[in-house]
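Input: a single structure, listed below in structure tokens.
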Amino acid sequence: MAWAFVLTLQTLLPCHEDSQPSIRATEAPSRIRSRVSAGIVKGGRVGYVAVMQIDYTVQVWREDGQFIAHAMPLDVASSGPTPEAARNAVDQAVRLFLATAAEHGTLKEVLEDAGYRRVRREWRGPAWLGFEQRSCLAEV
């Protein structure tokens, strides 16, 4: 059975694979409400997990009739027929990438390898100095 994984800012969502919310954060026990904002369902059982916010920068460009979105520094990419569809696809890919890393116990390593650092209870990405489009002459 597949996992249904939903992240939101305000809602606690024990959900089935059709992603229909069935409980709000305000209905969660008060000791959980302040620390939890995601729900995972597998086999009809609800589990609550802590959610972390991971910031990333997205570049979007057109390539062969598709729009490509690349999340830096995580190095996750996806595509779509429009820039917005590509952005939505890369957001979903990032959530799945991070959830998979957490499930395998490698999230800390993945984030550190991507340049994130832990400051107290949060992960901070690298501070970008700027973006440049460069070119070079290469002997081929």
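The values are calculated or read from the model by the stated rules, or taken from the named source; none is laboratory data. Remember, predicted model here, so these are calculated numbers, not experimental data. Every residue, glycine among them, receives a Cβ derived from its backbone with ideal geometry; neighbour counts consider all protein chains shown.
When the stretch 81-97 is examined, which residues are found to be more than 15 Å from the chain's Cα centre (by Cα) and either part of a helix (DSSP H, G or I) or at positive phi (or both)? The answer is 83, 84, 85. Under the condition of being in contact with a strand residue (DSSP E or B) (Cβ under 7 Å, 6 or more places away or on another chain) and farther than 28 Å from residue 80 by Cβ, the residues counted in the stretch 93-127 number 2. Report yes if some residue within the stretch 82-98 is among the polar types (S, T, N, Q), loosely packed, with under 15 Cβ neighbours inside 10 Å and touching a Phe, Trp or Tyr at 6+ places or on another chain (Cβ under 9 Å); otherwise report no. Looking through the stretch 82-98, at least one residue is among the polar types (S, T, N, Q), loosely packed, with under 15 Cβ neighbours inside 10 Å and touching a Phe, Trp or Tyr at 6+ places or on another chain (Cβ under 9 Å). For the stretch 111-123, a residue qualifies if it is without any contact (Cβ under 8 Å) to a residue 24 or more places away in the chain and either under 16 Å from residue 73 (Cα atoms) or touching a Leu at 6+ places or on another chain (Cβ under 8 Å) (or both), and the qualifying residues are 112, 113, 117, 118.
Checking every residue in the stretch 116-130 against the condition of being closer than 16 Å to residue 59 by Cβ, at pLDDT below 95 and either surrounded by 12 or more Cβ atoms within 10 Å (Cβ to Cβ) or among the β-branched types (Val, Ile, Thr) (or both) gives at least one match. Assessment of the stretch 26-47 against the conditions (over 17 Å from the mean Cα position of the chain (by Cα), surrounded by 17 or more Cβ atoms within 10 Å (Cβ to Cβ), at pLDDT below 95 and at negative phi) yields at least one matching residue. Taken together, 2, 102 contain a single residue that is surrounded by fewer than 17 Cβ atoms within 10 Å (Cβ to Cβ), modelled with pLDDT under 95, closer than 26 Å to residue 127 by Cβ and out of contact with any Phe, Trp or Tyr (no Cβ under 8 Å at 6 or more places or on another chain), which is 102.
Can you give me the number of residues within the stretch 67-81 that are exposed (fewer than 15 other Cβ atoms within 10 Å of the Cβ) and either closer than 23 Å to residue 131 by Cα or among the charged types (D, E, K, R) (or both)? Total meeting the criteria: 1.
Scanning the stretch 52-69 for residues that are among the acidic types (Asp, Glu) and part of a strand (DSSP E or B) turns up just one, 63.
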